[in-house]
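Rule-based calculations on the coordinates, nothing more; no lab input. Since this is a predicted model, take the numbers as computed values, not measurements. Note that we place each Cβ from the backbone using ideal geometry, even for glycine, and neighbour counts take in every protein chain shown.
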Amino acid sequence: MARHVDDPELAFRMARAIVSDIALYNADKVAEGVKNDNIFDLLAEELQEGREHFAERVADSITNRDQLFDRAIVDVMIKQAGKIESKIW
């Protein structure tokens, strides 16, 4: 069994890496989702799978564990998509 990450900073870096992979392998969906303001609908399955992978690897004892993954989505996927033309910005 894999060791659980119990350092919040390492956990956040892991979350960012997972979300980066999702964005990389689904670049067309990210662009379409930002453009049409439905990114969470288009990537629901991928994000859920990423969230589950994150939860399996990170200790339950980390405060705000779920929020770390959400913050990684915003930092990696949403902020970097700012250059995509969209009616939401």
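Restricted to Cα atoms, the chain shows a radius of gyration and a Dmax of 13.6, 45 angstrom. Taken about its Cα centre, the chain carries a charge dipole of roughly 320 debye when the Cβ of each Lys and Arg holds +1 and the Cβ of each Asp and Glu holds -1.
Summarising the amide proton neighbourhood of V58: residues at separation of 5 or more, or on other chains, whose placed amide H is nearer than 5 Å comprise V5.
For the chain, the relative contact order comes to 47 percent (Cα pairs under 8 Å, sequence separation of at least 6). Quote to one decimal, in nm, the extra length available between K35 and S20 on full extension: 0.36 nm per residue of separation minus the C-alpha distance between them. Extra length from K35 to S20 when fully extended: 3.5 nm. Taking other Cβ atoms within 10 Å as a rough exposure proxy, I73, I62 sort from fewest to most as I62, I73. For the range 6-38, the set of trypsin sites (Lys or Arg not before Pro) satisfying both a DSSP loop assignment and a count of at most 13 other C-beta atoms within 10 Å is empty. Hey, for a label at D75 modelled as a point 7 Å past Cα toward Cβ, could you say which residues of the range 10-40 have their backbone N under 12 Å away? Residues 10-20 fall inside that zone. Determine, from the Cβ-Cβ distance of D6 and Q48 and an R0 of 30 Å, the FRET efficiency 1/(1 + (r/R0)^6), rounded to the nearest 0.05. Efficiency for this residue pair is about 0.80.
Pairs of C-alpha atoms in the range 1-50 farther apart than 15 Å represent 53 percent of all such pairs.
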